[in-house]
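The values are calculated or read from the model by the stated rules, or taken from the named source; none is laboratory data. Just so it is clear, the structure is predicted and the values come from calculations on it, not from any experiment. FYI the Cβ positions are ideal-geometry reconstructions off the backbone, even for glycines, and counts take in every protein chain you see. These accessible areas exclude ligands, DNA and RNA; they are computed on the full protein's heavy atoms, side chains included. Shrake-Rupley method; radii C 1.70, N 1.55, O 1.52, S 1.80 Å.
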Amino acid sequence: MLATARESVRNRDAHYPFRFDSYFHYLTGFPEPDAVLVITAGTNSKSTLFCREKDIEREIWDGFRYGPQGAKETFGFDEAYPIQDLDAVMPKILADQPAIFCDVGESEVWDARLIQWLNAVRMQVRTGVSAPGEIRDVRKLLDDMRLIKDAAELMTMRRAALISCEAHRRAMQATKPGMAEYEIEAELLHTFRRHGAQAPAYTPIVAGGANACVLHYVANDQPLTQGELLLIDAGCELDGYASDITRTFPVSGRFEGAQRDVYELVLAAQAAAIAQVKPGNHWEQPHEAAVRTLVQGFIDLKLCAGTVEAVIESGEYRKFYMHRTGHWLGMDVHDCGDYKRDGNWRALEPGMVLTVEPGCYIRPAEDVPKHLWNIGVRIEDDVVVTSAGCDILTADAPKRIDDIEAIMR
């Protein structure tokens, strides 16, 4: 049993844009709120959807509804009922079933209704009806399914990546000193929507100068200054699948001095990490490769002192690189799936999609060379594991210095 997300009020009678629950949508493709999927396994296996009824008056105000019959015909469910019938029908479905798989703990309201249905079944025990004796978390099974993308999913993710690449190119071409961060954000959002993406996959980060050293900066309201870098972390969501790209480039169009040194270091760290993305390697190997490259660079830049091994052992480098090198990517930006199995880092397999995003963030401090202050660089790509190694889905977004400077010209 899985329910989709509910509509959420933003203020008064204005709603946030509806976004379905990813697990529910993965199994159904059904786009409307107030819906529940029930899959019954066994010899008489079937799929049942509970959804909003057709309502011409509400459709005049809010738009088209499939209704139970339309949902059954369009999406291939075996049965469909009005959502109002859920409490009456569920005890009948649960009768004599050995186990329930659901997203237990996700919602107190949902958990309370489940207990209500179970109690209704238990009251029939004298008639020979038995209640399910086991409740298990269905997300554990679905996580493993969602972690390996099939051809259709990868096609959608490639399209999302191409749209986001175009948005980053447009941002580079539009950026000039004196503009505001939100003006560049507008260029990103324009490109997403213009090419059919339904929404940004997350709140865009458009961080100029010192703001780039704030990992989740989203105010996007400061002016862009000559001589500073601009870090943009933004990606669109297309048909339920996310893209996630970060690029860093100079507001003036040319990398200068220390900016170039730090940027080249992060780019080298990303290349080292991507080289480790291949079947059989474990999840941590790209991160380890990025860290070693970054630490050597931090030593060369006089940000850290000692040997590479000593700096890694002490964790001193985390002052300038404090996050991981990537995460799973899919229907959610930080997609589902375990990173470890039985205490060991998970092996990479074809069809897995992950980000590779090393960075360097240098805040002002007495022990930091002044010419490096307020330089923040992150470079992030979306990478799919293939049988031969990996494929960078976001390669169309420029990241070599020469390419960035050329497109900004």
Legend entry - Asp55 being touching a residue at least 40 places away in the same chain (Cβ under 8 Å), open to solvent by 40 Å² or more (accessible area, probe 1.4 Å) and touching a Lys or Arg at 6+ places or on another chain (Cβ under 8 Å): no
Legend entry - Residue tally, condition closer than 30 Å to Pro279 by Cβ, of a type in the set (D, E, K, R) and open to solvent by less than 50 Å² (accessible area, probe 1.4 Å), over the range 392-409: 1
Inset, instruction - Among the residues of the range 161-184, count how many are in contact (Cβ under 8 Å) with a residue 40 or more places away in the chain and either crowded, with 21+ Cβ neighbours inside 10 Å or within 19 Å of Lys399 (Cα to Cα) (or both). - result: 16
Inset, instruction - Within the range 1-14, count every residue that is surrounded by fewer than 13 Cβ atoms within 10 Å (Cβ to Cβ) and part of a strand (DSSP E or B). - result: 4
Legend entry - Neighbours by Cβ (under 8 Å, 6+ apart or cross-chain): first from the range 146-160, assigned to a loop (DSSP other than H, G, I, E, B); second surrounded by fewer than 18 Cβ atoms within 10 Å (Cβ to Cβ): Ile148/Glu349; Ile148/Pro350; Ile148/Gly351; Lys149/Gly351; Asp150/Gly351
Inset, instruction - Give the residue that is least open to solvent (accessible area, probe 1.4 Å), with candidates limited to residues of the range 275-302 that are of a type in the set (A, V, I, L, M, F, W, C) and either modelled with pLDDT under 95 or in contact with a Gly (Cβ under 8 Å, 6 or more places away or on another chain) (or both). - result: Val277
Inset, instruction - Looking at (1) touching a Gly at 6+ places or on another chain (Cβ under 6 Å); (2) open to solvent by 30 Å² or more (accessible area, probe 1.4 Å), find the lone condition where Ile312 falls short. - result: (1)
Inset, instruction - Quick one: Asp85 ticks every box in (1) touching a Phe, Trp or Tyr at 6+ places or on another chain (Cβ under 9 Å); (2) part of a helix (DSSP H, G or I); (3) under 25 Å from Gly330 (Cβ atoms); (4) open to solvent by 20 Å² or more (accessible area, probe 1.4 Å) except a single one, so which number is it? - result: (3)
Inset, instruction - Tell me which residues, restricted to the range 88-117, are free of Cβ contacts under 8 Å to residues at least 60 places away in the same chain, assigned to a loop (DSSP other than H, G, I, E, B) and either under 20 Å from Ala5 (Cα atoms) or within 31 Å of the chain's Cα centre (by Cα) (or both). - result: Val104, Gly105, Glu106
Inset, instruction - Could you identify the single residue in Val125, Val121 that is surrounded by 14 or more Cβ atoms within 10 Å (Cβ to Cβ) and of a type in the set (A, V, I, L, M, F, W, C)? - result: Val121
